[in-house]
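Novice: Take this structure first; my questions come after.
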Amino acid sequence: MAARKPAAKVIREDAEERLLVEAAQKDPAKFGALYDLHFERIYAFLARRVRDRGKAEDLTSEVFHKALANLRSYKWTGAPFRAWLIRIAANAASDQFKRAAREPMQMEDPPEASGEPEQEALEARARLFGLVEKLPAEQRRVVFERFVEQRSIREIAQQIGKSEGAVKQLQFRALQKLRSQMEGARA
């Protein structure tokens with residue numbers, strides 16, 4: 001189990017990250033600090049999904065290239081910048097799987113184990129990221145902090161200034177909405 005950071009330290013890190021983003025938006029030459037801060041996490045995220053070091057490296061490069069190209073349009077929503085990068089990475093991995101599916105198989109390559117279940121899981125995860133982004137801001141923040149940052153209900157309640165019951169209710173409603181939308185997408 002990953003150790004959790006104290007809420008004050010997380011708030012400070014988020015504020016520092018926001019300053020880095022704002023600086024990079026004004027001067028793209030300062031994007032390097034964000035790259036250094038998030039490279040390992042994005043690379044690991046992609047490496048777990050594509051299971052090919054070369055493709056993971058290429059996709060990581062693509063993610064940061066897209067992030068830099070679209071940095072001016074990035075708007076701070078309260079969620080960490082890395083959430084935006086992870087969404088770009090999930091989309092890049094999904095696009096990679098779609099491109100690979102369209103390419104004809106070469107006859108000299110040995111047949112690989114079917115990647116369909118993994119691809120379906122990746123597409124489902126990409127759909128889920130999209131649905132999370134459409135949640136109301138408070139629900140989106142609770143879901144992100146609870147499941148991505150792995151914070152406790154108590155930590156989230158203290159951070160957003162609400163009671164633990166209110167945070168549980170926000171989490172319940174968000175999960176209920178996500179579940180119904182995911183099930184509706186399968187039907």
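The values are calculated or read from the model by the stated rules, or taken from the named source; none is laboratory data. Note that the structure is a prediction, hence the values are computed from the model and not measured. Heads up, the Cβs are rebuilt from the backbone with ideal geometry, glycines too, and the neighbour counts pull from every protein chain shown.
Novice: Answer with yes or no whether Glu17 is surrounded by fewer than 18 Cβ atoms within 10 Å (Cβ to Cβ) and among the charged types (D, E, K, R).
Specialist: Here the answer is no, as Glu17 does not meet what is asked.
Novice: Filter the stretch 174-187 for residues that are surrounded by fewer than 16 Cβ atoms within 10 Å (Cβ to Cβ) and basic (Lys, Arg) and give the result.
Specialist: Arg179, Arg186
Novice: In addition: Going through the stretch 142-157 one residue at a time, which ones are assigned to a helix (DSSP H, G or I) and surrounded by fewer than 16 Cβ atoms within 10 Å (Cβ to Cβ)?
Specialist: Result: Phe147, Val148, Arg154.
Novice: Filter the stretch 161-187 down to the residues that are at pLDDT 85 or above, hydrophobic (A, V, I, L, M, F, W, C) and over 21 Å from the mean Cα position of the chain (by Cα), then identify the one that is nearest to Glu123 (Cα to Cα).
Specialist: My answer is Val167.
Novice: Which count do you get for residues in the stretch 32-44 that are surrounded by fewer than 21 Cβ atoms within 10 Å (Cβ to Cβ), under 23 Å from Glu120 (Cβ atoms) and not small (Gly, Ala, Ser)?
Specialist: Final tally of qualifying residues: 0.
Novice: Considering (1) farther than 17 Å from Leu122 by Cα; (2) buried (at least 16 other Cβ atoms within 10 Å of the Cβ), say which one Asp27 fails and leave the rest.
Specialist: Result: Asp27 passes all but (2).
Novice: May I pose another question? Test Glu112 against the criterion of being modelled with pLDDT under 80, loosely packed, with under 13 Cβ neighbours inside 10 Å and in a loop (DSSP other than H, G, I, E, B), and give yes or no.
Specialist: yes
To keep it simple, each residue is scored yes or no on (1) touching a Pro at 6+ places or on another chain (Cβ under 6 Å); (2) closer than 20 Å to Glu183 by Cα; (3) assigned by TED's automatic domain parsing to the domain that holds Ala90; (4) without any contact (Cβ under 8 Å) to a residue 24 or more places away in the chain.
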position	(1), (2), (3), (4)
Ala126	no, yes, yes, no
Arg141	no, no, no, no
Glu145	no, no, no, yes
Gln150	no, no, no, no
Arg154	no, no, no, yes
Ala157	no, no, no, yes
Gly161	no, no, no, yes
Gln169	no, no, no, yes
